[in-house]
1. Just the residues that are under 30 Å from residue 112 (Cβ atoms), over 14 Å from the mean Cα position of the chain (by Cα) and surrounded by fewer than 18 Cβ atoms within 10 Å (Cβ to Cβ), please, taken from the stretch 164-192.
2. Could you please let me know if residue 107 is surrounded by 17 or more Cβ atoms within 10 Å (Cβ to Cβ), under 23 Å from residue 221 (Cβ atoms) and among the polar types (S, T, N, Q)?
3. Look at the stretch 111-142 and say how many of its residues are charged (D, E, K, R), exposed (fewer than 15 other Cβ atoms within 10 Å of the Cβ) and over 18 Å from residue 167 (Cβ atoms).
4. For the stretch 200-221, check the following and say yes or no: at least one residue is surrounded by fewer than 16 Cβ atoms within 10 Å (Cβ to Cβ) and assigned to a strand (DSSP E or B).
5. Take the stretch 194-222 and flag every residue that is farther than 19 Å from residue 39 by Cα, over 15 Å from the mean Cα position of the chain (by Cα) and in contact (Cβ under 8 Å) with a residue 12 or more places away in the chain.
Amino acid sequence: MWGREMSFRYGVAFGAALVCSLVAWNQATNAQPAGYTTLNVKNRVQLEVPGTWSISDAEQRLRVKELAEQQTGIAATHMAALSVQSYPAPSRVIVRVSITPVDPPVSQAELQRELEADRRGVLNGLAEAWREMAPTMWTGMEKQGISEVGQSSVTAEMLGGQLALVIRYARTSTVDPLEVVRVSQYHVLLGSEKALITLSYVDGDQAARDAHDRVKKSFMIR
């Protein structure tokens with residue numbers, strides 16, 4: 001069974017990848033037209049976002065990656081292919097999508113079989129990998145005044161028609177230490193590639209939660 005080995009080989013895009021979802025909240029971006037906009041990421045991930053939200057360009061996404069590395073001391077393995085935020089600032093919802101290589105490949109069918117054979121072992125392995133890597137991230141974030149809130153959780157669920165391994169945690173906001181941000185990171189194994197999708201919203205803000213839920217339902221992954 002995969003268990004811990006699978007977690008480190010296929011789910012270890014934590015670290016700076018997670019931190020990018022933190023620092024991105026303060027990046028300046030440009031608002032888009034009204035209505036909903038359909039976005040396609042490398043013909044793998046499609047989603048719809050409000051047209052009033054802002055989309056970070058490549059230069060902004062690179063700055064986020066570099067800042068994340070500086071804050072945590074963790075080298076990022078990739079730069080996000082898409083970063084979108086609610087607008088105007090400060091953002092209340094953020095969506096990030098990356099497509100990263102997986103070697104050796106892992107198909108949806110293989111993941112499904114492993115979960116059916118040993119769901120607890122697979123999820124416990126992923127949770128253990130997270131527990132070992134997360135302290136480094138949080139140490140860096142605490143220097144920026146950002147703290148973890150509560151306990152993280154790991155599960156498997158469907159997103160955009162595909163099975164995903166999901167890590168959820170909460171943290172304080174970058175703009176208000178009294179606000180809590182809920183973060184979900186989806187690891188969707190697609191053979192030789194993985195869709196890494198992070199959704200975040202400010203807890204207690206119903207409009208932000210509704211927007212988050214609307215975007216989540218719009219995903220199509222292939």
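1. Within the stretch 164-192, 191, 192 qualify.
2. Working: surrounded by 17 or more Cβ atoms within 10 Å (Cβ to Cβ): no; under 23 Å from residue 221 (Cβ atoms): yes; among the polar types (S, T, N, Q): yes.
Against the criterion (surrounded by 17 or more Cβ atoms within 10 Å (Cβ to Cβ), under 23 Å from residue 221 (Cβ atoms) and among the polar types (S, T, N, Q)), residue 107 does not qualify.
3. Narrowing the stretch 111-142 to residues charged (D, E, K, R): 113-114, 116, 118-120, 128, 131-132, 142.
With the extra rule that they be exposed (fewer than 15 other Cβ atoms within 10 Å of the Cβ), the set shrinks to 113, 116, 119-120, 131-132, 142.
Checking which are over 18 Å from residue 167 (Cβ atoms) leaves us with 113, 116, 142.
Residues meeting the conditions: 3.
4. yes
5. 203, 204, 205, 207, 208 - these are the residues of the stretch 194-222 that are farther than 19 Å from residue 39 by Cα, over 15 Å from the mean Cα position of the chain (by Cα) and in contact (Cβ under 8 Å) with a residue 12 or more places away in the chain.
Each row is one residue, and each column tells you yes or no for (1) farther than 25 Å from residue 169 by Cβ; (2) in contact with a Lys or Arg (Cβ under 9 Å, 6 or more places away or on another chain); (3) modelled with pLDDT under 90.
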position: 41; (1), (2), (3): no, no, no
position: 63; (1), (2), (3): no, no, yes
position: 73; (1), (2), (3): no, no, yes
position: 76; (1), (2), (3): no, yes, yes
position: 79; (1), (2), (3): no, yes, yes
position: 86; (1), (2), (3): no, yes, no
position: 123; (1), (2), (3): no, no, no
position: 140; (1), (2), (3): no, no, yes
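The values are calculated or read from the model by the stated rules, or taken from the named source; none is laboratory data. Remember, it's a predicted structure, so these values are computed and weren't measured experimentally. Cβ: placed from backbone, ideal geometry, glycine included. Neighbour counts: every protein chain shown.
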